[in-house]
Every structure is written in structure tokens, then in C-alpha cells.
Amino acid sequence: MIYTLTMNPAIDMNLTGRDIRPNCVNRTGKIVYSPNGKGVNVSLVLQHFGVQSQVLGFFGGFTGHYIIDALNERQVNSRPIWVKDTTRINIFVNDGDEEYKFVNTGSYVPEEKQQDLLQQLSGLPDFSHLVISGSLPQGVAEEFYDRILEVCAAREIQVILDISSLRLRQLLKYRPLLIKPNDDEVRKVFGFPMETESDIRSAMNNLQIMGAQNILLTMGEKGSWLRSGEALYHCGIQSVRLVSSACAGDAALAAFLSTWLKNGDAVEGLKKSAAAGANVAESNALGDLTKVETYKKNIEVRKVEP
């Protein structure tokens, strides 16, 4: 069983408007509310592709209950740990030409609730993979990642990391199954240049030497790269008109995992990943993912090594 961990979930409110200006009343059009948080999105997209998972994380208040109720309605199982503070709401506004993102800090999680999560992870049944995605809430230190990965190591759980924390560098010693940084995160966290293909190849090799078993690197309009074992792949993109980029990376990761974890097919996984990310980027929230199969036909994957 795959479990996804979102320690700082959210409700996303996606708005569309026109000619947005300061210091005046701006009228909005279509509004879409969605249960969110990066791991939540991964579970929703995994379910779309027929892969079961369960959602873990800290939830609180009416917004936390909204997310869990929405997951139940979509038949995605969850095991929430409840906190007193209210789960955050993030706001994304698209005016037709530009996208504006308002991301809040999230609820406070006390030490006793953090301990509850560690105990939960120690006793979860049928536990094979843990996807850790997103930011940390208030009250949770970066070192908490180590405590989680120590539990996973003791249970021989395979870990997938999609976090932008500077702690990622230290976490590679736990040999995560997969990490999913973007090029800016590789520069910031590891200090590797990412300008040329030679830079990218060197960075991917070094990340593997440092402990990451596999690396899925996303680079926006420049496509994505996968280092899997000795093989290195580059994947192109499907161009779309951007509506909201908020959930695209999560959908891309889930689409990749839905194939790669099942049969190890890197090429099919990369095509599916790029197609899902594009389809979500042209939608509010996760959209309906109805164009994935069509977009896959337009995406090329090149094997660079060996």
C-alpha cells in the first residue's frame, strides 16, 4: 500500500478574473474549491489511474473536515491526525494573462501530535511506500523529516520525497527510492549549476552518488529528466495555455508513480507524467485529466545514457 503524507494540507480556492487592479473592487468569475496539499493531490491522481493509496497528515477545523469529507466522497481513504488550528486556505487568481498565488503558512502542530504521527507510521498495516510531499506546518522543525525516515528505514519502507527543504541534502543518506526536485531546488539545496545538459547530467549523477536511488527532475518548459539506475532519460512537454500551475507537479509525480512502481517502465511513466502535468496546468485545481492519453502521443522521451 502507498501512503501519502501531507503535513501542511490546504483548501485551494481557484479564481478567474479580468483586468485585476489594486485599490478597487475586482469581480471574479468561476470559483473552484478543492481539497489540496501535495500528498493529497498525489493520492487523488493515483486513484484516477487506478492505484490505491491512503492520505496521512495533520488536519484541523472546518477546512480540515472539508478536505477529509471530500476525500471520502471520492473514495480515497485517509487517516487524519487532528490538531486544534484550522487548516489553511490558499488562493490562486488567474486574470487571463497572469497567475497570482497567495499561499498561507498553515496550522500549528504541537510536539504531541508529531509524536502521534510517528507512532502511526510505526503501526500502519500493509505499508510499502511513503510519499512525503510539500512544506512543513508551524511548530514542526526540519529535523522531523529525519525522525520519519528513521521509522521508514526500520520498517524497510520505500520513501519518495517531493520537498523543497534545505534538509533534503541530509536526507539522501537514508537512500530514498525517488526524489523529485526542480532545477531551482537543485541549485538552492545542492549548489549544482543547471544551465547546460552537461550540468544536468553531472547533477543527476552526483545526487545518485549522494544517496538518491532515482531522481525525477522537472524543469518547466525544458521538460523533465529521470535518472533510474544507470539509465538517464529526457522527456519533452505538451504545450498548453496556463490556467493554474498549483497542482501540476503533484499530478506529474502521481502519474509517473502509477506506471513506474507497477512495472518499472520509465519511458511510459515519463510520458504519462508530462501529459498529466500539462492537462492539470490548463485546468483549475486537478481538472478531470481527460486529455492525458491524447497528450502522451505528442510527448517524446530520449534515452541519454547509457
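The values are calculated or read from the model by the stated rules, or taken from the named source; none is laboratory data. Model, not experiment: these values are computed from the prediction. A quick note on method: Cβ atoms are made from the backbone with ideal geometry, for glycine too, and the neighbour counts reach across all protein chains shown.
When you scan segment 137-153, how many residues do you find that are acidic (Asp, Glu) and under 24 Å from residue 89 (Cα atoms)? Number satisfying all stated conditions: 1. A count restricted to segment 266-306 and to residues that are in a loop (DSSP other than H, G, I, E, B) and among the β-branched types (Val, Ile, Thr) stands at 2. Restricting 165, 198 to those that are modelled with pLDDT under 95 and within 28 Å of residue 114 (Cβ to Cβ) reduces the list to 165.
Filtered by the rule that a residue be more than 19 Å from residue 304 (Cα to Cα) and either within 17 Å of the chain's Cα centre (by Cα) or part of a helix (DSSP H, G or I) (or both), segment 183-211 gives 184, 185, 186, 187, 188, 189, 190, 210. Residues in segment 268-295 that are under 20 Å from the mean Cα position of the chain (by Cα), surrounded by fewer than 24 Cβ atoms within 10 Å (Cβ to Cβ), over 27 Å from residue 33 (Cβ atoms) and of a type outside the set (Asp, Glu): there are none.
Looking only at segment 184-199, decide whether some residue is of a type outside the set (A, V, I, L, M), in contact with an Asp or Glu (Cβ under 9 Å, 6 or more places away or on another chain) and surrounded by 15 or more Cβ atoms within 10 Å (Cβ to Cβ). Checking segment 184-199: at least one residue is of a type outside the set (A, V, I, L, M), in contact with an Asp or Glu (Cβ under 9 Å, 6 or more places away or on another chain) and surrounded by 15 or more Cβ atoms within 10 Å (Cβ to Cβ). What are the residues in segment 281-297 that are in contact with a helix residue (DSSP H, G or I) (Cβ under 8 Å, 6 or more places away or on another chain), in contact (Cβ under 8 Å) with a residue 40 or more places away in the chain and at negative phi, if any? Answer for segment 281-297, where residues must be in contact with a helix residue (DSSP H, G or I) (Cβ under 8 Å, 6 or more places away or on another chain), in contact (Cβ under 8 Å) with a residue 40 or more places away in the chain and at negative phi: 281, 286, 295.
The single condition among (1) buried (at least 24 other Cβ atoms within 10 Å of the Cβ); (2) modelled with pLDDT under 90 that residue 19 does not satisfy is (1).
For residue 81, the stated conditions do not hold, so it cannot be described as within 22 Å of residue 121 (Cα to Cα), at pLDDT 95 or above and out of contact with any helix residue (DSSP H, G or I) (no Cβ under 8 Å at 6 or more places or on another chain). In the set (1) in contact with a helix residue (DSSP H, G or I) (Cβ under 6 Å, 6 or more places away or on another chain); (2) closer than 24 Å to residue 197 by Cβ; (3) not aliphatic (A, V, I, L, M), the condition left unmet by residue 245 is number (2). Within the set 133, 107, 128, the sole residue that is hydroxyl-bearing (Ser, Thr, Tyr), within 25 Å of residue 254 (Cα to Cα) and touching a Lys or Arg at 6+ places or on another chain (Cβ under 8 Å) turns out to be 133. Residues that are at pLDDT 95 or above, crowded, with 23+ Cβ neighbours inside 10 Å and not polar (S, T, N, Q) occur at least once in segment 229-243. Given the conditions (1) closer than 26 Å to residue 96 by Cα; (2) surrounded by fewer than 23 Cβ atoms within 10 Å (Cβ to Cβ); (3) touching a residue at least 24 places away in the same chain (Cβ under 8 Å), which single one is not true for residue 221? All conditions are met except number (3).
With a cut-off of at least 3 residues that are farther than 30 Å from residue 31 by Cβ and of a type in the set (A, V, I, L, M, F, W, C), name the strands (runs of 3 or more DSSP E) lying wholly within segment 61-175.
Hits in segment 61-175: 158-162.
Looking at residue 164, is it of a type in the set (S, T, N, Q) and touching an Asp or Glu at 6+ places or on another chain (Cβ under 6 Å)? Spelling it out, residue 164 is indeed of a type in the set (S, T, N, Q) and touching an Asp or Glu at 6+ places or on another chain (Cβ under 6 Å). Looking at this structure, is residue 262 under 16 Å from the mean Cα position of the chain (by Cα) and assigned to a helix (DSSP H, G or I)? Answer is no for this residue.
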